[in-house]
Amino acid sequence: MDTKKRIREPKVYQGRYFHDIKLNKKREYYEPYLTKSKELLDYVTGEHNRVLSFSLILRFPEGFKQDRDVSYISRFIRIFQRKVDVTLEERRKRKVDVTLEERRKRKVRVHHIKTGNKVFNIWCRERDSSNNDHYHMFILVSYENFRTLGHYSTSLEPKKSLAILVQEAWSDALGISYSDMKGFVQFPPKNNYFRVVQNRPDTKSNYDNLLSRIYYLAKRETKNFGEGIRSFGCSRIKKG
């Protein structure tokens, strides 16, 4: 017997613009999702002077038996955050090891390097003709920590890129070997990178462009509310 509580469909937004961002007139959007999208981006760009964001699609392998009691997306987010933490900590240790002796010689106090490790995310769950769901996601990180997605293959260089960390995290979330993951993490080839840098002539245009792309996740079509599983989520932020 299915004991999951049915999730009510959110309010549909009726306007053609949302906070001055033009919406696709061929689509309907959920108002709470639009609101949360803007709140998240405003928070992240307020916390960091320079932000890198990229989009991706997470898919399940054909024939994968999706356990409806398991939140694969939550598992992915937790694992990805841990991998980012480890990667940045290793990077900081290398940096400190290189500069520590020089700083001591110059009698300069060695300060702790600020972390800023938090990975922010916003995602939606969709299903079209497939038996399994897929997830669209935007990830936002400090540009001080990551400048690009980096390479997509572990054979290119030993340092792990953001792209590799994403693929490894989804592999671990599904319990599938990394070597069998080809095609289950997709990075759109166009309009995938977004940088928002404060106090520049292009700050507003870059912000608007990114927010417009994120609004796609709030579209009504292909959402499913009858299974007691969330169709939308984002990082929790501090308000006020």
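What to note about this one:
- Whenever a residue of the stretch 159-176 is farther than 16 Å from Phe54 by Cβ, its partners that are among the basic types (Lys, Arg) and part of a helix (DSSP H, G or I), lying with C-beta atoms within less than 6 angstrom and at least six residues away or across chains, give the pairs Ala173/Arg75.
- Residue count, the stretch 44-78 (criterion: surrounded by fewer than 18 Cβ atoms within 10 Å (Cβ to Cβ) and not in a strand (DSSP E or B)): 17
- Flag if Asn132 is touching a strand residue (DSSP E or B) at 6+ places or on another chain (Cβ under 8 Å), among the polar types (S, T, N, Q) and at pLDDT 75 or above: yes
- Wholly within the stretch 117-230, strands (runs of 3 or more DSSP E) carrying at least 3 residues that are of a type outside the set (Val, Ile, Thr) and in contact with a helix residue (DSSP H, G or I) (Cβ under 9 Å, 6 or more places away or on another chain): 120-126, 134-142
The values are calculated or read from the model by the stated rules, or taken from the named source; none is laboratory data. On a predicted model such as this, the values are computed, not experimentally measured, just so you know. Cβ sites come from the backbone with ideal geometry, for glycine too, and all protein chains shown count toward neighbours.
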